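The next block holds one structure in the form of structure tokens; read it before the comments.
What follows is calculated from the coordinates using simple rules that are stated; it is not laboratory data. In this text the structure is predicted, and so the values were computed from the model without any measurement. With ideal geometry, Cβ positions are generated from the backbone for all residues, glycine too; neighbour counts draw on all protein chains shown.
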Amino acid sequence: MKKVLTIIAGALLATSAFAQVEVESYDALRTNTWSPYVKGGVSFATGGEFENINAGLNTYVAPMAGLGIDYNIRPWVRIGVGYEASLFNREQRFAAIAADGTTYRNLGVLYHGIDLTADFNIMEIWKDRACKAFNIYLGTGAGLMFAYGNTYDIKMGFKETVDKTLYTDNYKIETWVTAHNNPLSYNAPYIPANLSFEYDLSPRFTVGLEAGARYILGVGPYMPKLVENVGVTLRWNIVGLKQGCRTRKQVINALRSNLAASNAANDACGQRSAKLAADNADLEKQIADVRKNLADSEVECLSLEKQLEEAYKASPKDLADILSKAVVYFANDSYKISASAQNTIEIVAEFLKKYDDVKVSLLGSASKTGRKDHNQELSVNRCNAVKDALLALGVSEGQIKDVKAVGDEGMTAKDECRRVVFSLE
């Protein structure tokens, strides 16, 4: 048995040297993974009727070996099937011949146990613990024991007889010795209980110290009530990429792939940066153009104010020409007054408030880019927006003689058709 365990341990350690892996997640290591194991140690049997002479309990130590496989469902629970074998010897040497003549008895039994267990990792109570390589499993389940062996008994005795005659007594003594070898076997279910302290030497290999007990559910000749064991367990964890563990070669290949992806991402980032720089340049140019247009609009409005003053002093015809140039433009499908349009309205409003004898009319229109009824409504809203703006600036309602909306009648699809025009009454 010792030679077998030594060979197995040496093979596993050699495999470990050639299959170095790195763990990325101990939770992944124990999720949907398999772990076959071997174990060896000693076992005890208590409660049987075959007791050692001069011993209170049947506590003879016997060798134990076993193997099995567990399936890790989650880091906190696993299920498995295991096999365990142990050989027991019991001996009775009587200081005096028993009533039935027994002087020596020997019991030799080989126990085989197969069980199905569920183990729970109590260390998972502390999920945020620093060392996840150390775990404590507590489990139970059901099993069946098969036992084969024999008893060897030696019995002896003597018989004394006396043949009396008239003159003398004749004594006769007979002695006898018998030996019996009696085979035995029995099967019995049992309930196993296991406590295992385990430490991951690497993601692939785990060493553990296990203590267990089997409570036997049966009654028979020489059958113990409880079989306990203590031993060392060596596990091989079947892990792979999906379980968060990789060989060194796989790690290097993954790093190379990540480096290539990073370089590609940097190149793409550089291209996006160049595009963003170009877009920023275009945006700055657009902002500069808008500022220039606003400045031109302000200059135009200032010149419009002067032109209105001069035309009022000159003649009504000149004033009508200048007012026709005071046009309020709108965006497509909108009657919202823009900043430049507001400046034009303010110039006209100041002029009308200064010269309250001047009266104007408003003519609103829309371009031919939509339905006719919608364009008609849009031109009405544009006229009302300009009128409301004039009134809000202090122009009297009596100075606005007429408001007329023509929709897209006589218009084109050009931008300059979206407007409100002032005319002198």
Among the chymotrypsin sites (Phe, Trp or Tyr not before Pro) in the range 300-392, which ones are in a DSSP loop with at most 16 other Cβ atoms within 10 Å of the Cβ? Mind listing them? Tyr355
Between beta-carbons, use under 10 Å as the cut-off and find the net charge around Val227, counting Lys and Arg +1, Asp and Glu -1. 0
Cα extents of the range 66-202 per principal axis, largest first, Å, are 101, 26, 23
Run the simple label-point estimate for Lys368 and Ala254 please: 7 Å along Cα→C-beta, distance reported in nm. 6.9 nm
Pairwise FRET efficiency - Cys131 versus Asn187, Cβ, R0 = 35 Å, nearest 0.05: 0.25
What size of dipole, in debye to the nearest 20, comes out for the range 367-425 about its Cα centre when the only charges are +1 on Lys and Arg C-beta atoms and -1 on Asp and Glu C-beta atoms? 180 debye
Lys and Arg at +1, Asp and Glu at -1: add these up for the other residues within a Cβ distance under 13 Å of Asp100 and post the number. +1
